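What follows is calculated from the coordinates using simple rules that are stated; it is not laboratory data. The structure presented is a predicted model; accordingly, all values stated were derived computationally and were not measured. Positions of Cβ are backbone-derived with ideal geometry, glycine not excepted, and every protein chain shown enters the neighbour counts.
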Amino acid sequence: MTTAPPTHALPPTVLGYPRIGPDREIKKALEAHWGGGDVAALIEAISSHRRRTLDHLVGLGLEEDSAVPADGAVIDQVLDASVLLGLVPRRFRDAGFAAVAPDAPEGLTLISALARGTSEVEPLELTKWFDTNYHYYVPEIEADVAFAPQATALADRFRAFRALAEQSERTVGAAPLPRPTLLGPVSFLVLAKSVGAAAETSQAARFDRLEELVGAYAALLGALHEAGAAWIQLEEPVLSSDGWDIPREQVIAGISSAYEQLGRLTERPALFVPVSYGTAGDDALAALGGTAVEAVGIDLERGALPSAEALRPLAGTTLAAGVVGGLNVWRTDVSRAAALLDTLGERHQGPLTVSSSTSLQHVPHDAARETQLDPQVAGWLAFADQKVGEVLALAGHLTGGADALEGLRADDAARRRLREQHPQVHVESVRSRLTAVEPQDRRRAEAEHRRAAQETGLGLPPLPTTTIGSFPQTGEIRRIRAAHRRGSLDQQGYEEAIREQIADCVRRQEDLGLDVLVHGEAERNDMVQYFAENLEGFITTAHGWVQSYGSRCLRPPILFGDVHRPAPITVDWIRYAASLTKKPVKGMLTGPVTILAWSFVRDDQPLADTADQIALALRDEVQDLQAAGVKIIQVDEPALRELLPLQVAERPDYLRWSVESFRLSTSGANAATQLHTHLCYSEFETVIDAIDALDADVTTLEASRSGFEVVSALSEHGFSRGIGPGVWDIHSPRVPGVDELIDRLRLAAEVLGTQRVWSNPDCGLKTRGWEETEASLRHLVNATAVVRAEL
Ligand code: GLN
Ligand code: ZN
């Protein structure tokens with residue numbers, strides 16, 4: 001077999017770096033462009049972001065050739081691969097789009113259209129990325145749409161990265177070669193979906209396109225080789241899990257054939273295939289070991305250490321040990337990591353290098369910028385920049401022997417002691433309350449009894465109309481919160497200003513004629529951060545932004561201690577909103593699983609215990625709302641599906657404790673109090689039982705982006721309580737037509753029963769403007785009236 005020998009070894013590295021910019025430069029540039037700004041400004045922002053990132057990573061010590069990952073994705077790595085492969089869905093082709101270079105002006109227009117839709121075309125489906133809070137754009141595989149690899153564009157991108165690296169002030173002599181990163185072909189297909197006639201016969205049919213796709217990758221690799229790339233990172237994260245709709249054996253066979261073909265190319269960069277988000281699996285290591293792939297990466301944050309036997313097929317291949325976790329914000333326990341490296345050194349017959357376990361896109365940039373934190377807690381943190389340092393220090397352990405880590409080991413031990421002794425990490429009252437929880441604390445009255453009590457208490461019409469909670473977060477609202485944060489608006493002024501916003505929101509909902517109103521969430525920057533700021537046990541950061549999807553960024557709170565509620569959080573706002581109307585106003589809380597999922601969570605106790613601590617705090621809030629006269633309370637769990645373990649065997653345990661924890665938070669409610677929950681991000685099939693087990697009186701769901709599939713799944717399941725399958729997708733500015741809403745409501749009512757269906761959008765409206773929000777809701781109210789009249 002002829003293989004292209006790597007021109008140099010794979011140096012210590014990270015698999016990726018945050019792509020939004022330390023001050024969210026790319027988010028801002030994207031939004032400016034989407035708001036009508038010139039594409040040239042976006043291109044300039046992308047280029048300076050790339051230059052700054054290259055420069056910064058070299059400055060942090062990734063100085064060797066191919067040590068710096070060159071992530072060319074502006075929005076999303078999966079969307080980037082779609083565009084590089086020229087995969088433009090039929091409906092976009094029909095609307096005049098064609099395969100183009102992603103970095104060119106037309107490419108950015110195409111990327112924006114695929115991600116956001118246009119007035120004529122619905123966007124790509126957005127779905128969660130493994131068990132993270134990141135979301136990717138699902139590629140669509142259609143029988144009559146071929147791949148059209150943008151090989152020249154990828155080569156040009158590499159040259160552009162290289163030229164930017166040359167401009168770096170830090171470079172002495174030749175600039176280090178960047179290492180292009182790309183989602184691998186097998187993961188690309190597994191993460192995609194079949195669309196069109198083929199999808200109806202079999203979703204798995206998309207995997208038959210692998211050989212053709214590998215041909216497209218071969219073209220990309222050839223062009224990169226010509227442009228001078230020494231290595232390419234081809235990520236195959238799907239190898240860490242087995243819950244896909246393509247059977248594992250087929251995935252493994254796909255890996256063998258794809259990498260055998262790519263390995264056989266003579267004109268190509270060396271191939272580095274990292275497997276993130278869990279254990280690669282011995283079958284995966286064997287398959288990769290049977291090919292000419294030059295380096296394989298394993299995840300030792302989530303994944304298990306492979307045995308010597310499992311590593312045997314990789315003899316001679318470079319092994320990148322992902323000992324620095326990319327999914328958490330805690331400093332790496334270097335003694336433990338060094339011990340893992342030592343063991344791997346004994347077990348692996350070949351070169352060993354150090355990497356992060358995943359791309360660092362899931363953590364913020366730099367913990368050193370967080371100067372407002374309790375210095376002790378701040379000292380426990382490692383964000384992307386600190387993790388780069390840890391990778392290099394651990395690489396020093398491989399080359400420099402026993403002494404290289406001495407200082408770090410001493411820090412580790414001291415840190416562990418301080419953490420154990422910190423008064424907020426161990427709060428006795430929280431622990432004893434949790435120990436006293438009994439099974440009946442997680443159970444409400446019989447559903448039928450509740451239904452009757454609520455029917456009398458609420459008197460709602462059939463197909464009640466409502467929203468999911470948030471209304472447009474206008475510039476005005478953000479200014480109010482910012483002024484309050486800065487101190488230029490005092491507490492009283494702030495409360496008055498927010499009340500005005502609430503009053504405005506309630507008035508608009510009354511004018512629209514909605515049945516169940518909300519206060520609009522103007523006081524919340526974010527549904528998790530808001531609660532974290534009002535509960536003990538969390539810290540929040542000033543600059544800790546991470547990308548959620550598209551241009552959406554979050555600052556996940558850091559849960560470091562025992563959680564409890566010092567005072568009621570939402571009661572005054574809801575009470576105020578309720579005082580303005582005769583219609584019922586829903587109380588609005590974020591559930592324990594979602595608070596966990598969207599925070600960085602302490603790693604020194606089981607997640608289930610942490611979830612229950614949050615649940616007890618929320619339980620008090622539910623009871624206080626109820627005591628204040630609030631008759632409907634919604635506890636959002638949009639992330640229930642998100643935390644679902646990737647390994648099928650681990651799911652039952654997760655679903656048990658997450659459901660129990662939700663029920664602990666809600667079961668303090670009386671029978672007459674109507675408990676709602678809301679879930680989003682589609683793919684509910686695997687969690688329908690759990691959704692049922694939440695025992696909410698009404699469940700609203702995201703359903704429109706995944707083609708309303710959830711409606712039939714719920715009906716097959718025999719779901720017996722209230723249900724609101726969102727009838728339009730709020731993730732795009734498109735206003736749904738009345739007819740289309742009528743169709744969806746009719747379908748839902750027909751399949752699920754008119755007694756149970758609610759009429760609502762599929763998620764909160766905070767990212768929308770008022771104009772499209774009011775237009776859409778007016779259509780919703782009109783469509784509902786039409787369908788009601790048919791009952
Ligand atoms: N109540 C929240 C809102 O309306 C729910 C958001 C979500 O599901 N992600 O914004
Ligand atoms: Zn939602």
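Note on Glu122, Glu750: ascending count of other Cβ atoms within 10 Å places them as Glu750, Glu122, the fewest first.
Mind running the shape call on the chain? Use the C-alpha gyration tensor, a ≥ b ≥ c as the square roots of the eigenvalues: rounded below 1.5 for a/c, prolate if a/b tops b/c, oblate otherwise.
prolate
Across the chain, C-alpha contacts under 8 Å between residues 6 or more apart give a mean separation that, scaled by the residue count, equals a relative contact order of 12 percent. Counted by neighbouring Cβ atoms within 10 Å, the residues Lys582, Lys631, Lys128 run from fewest to most as Lys582, Lys631, Lys128. Can you figure out the FRET efficiency of Arg552 with Arg91, using R₀ = 30 Å and their beta-carbon distance, to the nearest 0.05? The pair Arg552/Arg91 has a calculated efficiency of 0.80.
In order along the stretch 124-137, the Karplus-derived 3J(HN,Hα) couplings, from 6.51 cos²θ - 1.76 cosθ + 1.60 at θ = phi - 60°, round to 5, 5, 10, 9, 6, 9, 6, 9, 9, 9, 9, 10, 10, 8 Hz, and Gly and Pro are given as x. Site pair Thr767 and Gln250 shows an inter-label distance of 3.1 nm when each label is modelled 7 Å from Cα along Cα→Cβ. Note that the stretch 448-790 carries a Kirkwood radius of 20.3 Å, evaluated over its alpha carbons pair by pair.
Note on Arg478 and Leu352: with the Förster distance fixed at 41 Å, the Cβ-Cβ geometry gives a FRET efficiency of about 0.25. Around the amide H of Val727, modelled in the peptide plane, lie the amide H atoms of Asn760, Asp762, all under 5 Å away and 5 or more residues distant in sequence or on another chain. Computed per residue of the chain from DSSP H runs no shorter than four, each worth -39500 (n - 2.57), the mean residue ellipticity at 222 nm is -13500 deg cm²/dmol. Measuring r between the beta carbons of Asp604 and Asn534 and using R0 = 30 Å, the FRET efficiency lands at 0.80. Residues of the stretch 734-753 falling in the label zone of Leu791, defined by backbone nitrogen less than 18 Å from a point 7 Å along Cα to beta-carbon, are 741-753. The alpha-carbon of Lys583 sits under 13 angstrom from the alpha-carbons of these aspartates and glutamates, leaving out residues fewer than 8 places away in its chain: Glu510, Asp511, Asp515.
The H on the amide N of Glu235, modeled in the peptide plane, is under 5 Å from the matching H of Leu182, Leu183, Gly184, each at least 5 residues off or on a different chain. In summary, the lysines within cross-link reach of Lys586, defined as a Cα separation below 26 angstrom excluding same-chain residues under 8 places away, comprise Lys631, Lys766.
Counted residue by residue at 0.36 nm each, then reduced by the alpha carbon distance between them, the extension gain from Thr456 to Arg264 reaches 61.9 nm.
Listed by Cβ neighbour count within 10 Å, with the fewest neighbours leading, Cys763, Cys505 appear as Cys505, Cys763.
Multiplying the residue separation of Arg336 and Glu31 by 0.36 nm and removing their Cα-Cα distance gives an extension gain of 105.5 nm. Couplings 3J(HN,Hα) for the stretch 147-153, derived from phi with the Karplus relation 6.51 cos²θ - 1.76 cosθ + 1.60 (θ = phi - 60°), are 6, 9, x, 8, 5, 4, 5 Hz, where x marks Gly and Pro. A straight Cα-to-Cα reach below 27 Å connects Lys387 with the lysines Lys27, Lys28, Lys128, residues fewer than 8 places away in its own chain not being considered.
Potential lengthening of the chain between Glu448 and Asp242 amounts to 70.3 nm, from the contour at 0.36 nm per residue minus the alpha-carbon distance. Under a 5 Å amide H cut-off, with hydrogens placed 1.01 Å from N, Ser548 pairs with Cys553, Leu554 among residues at least 5 apart or on other chains.
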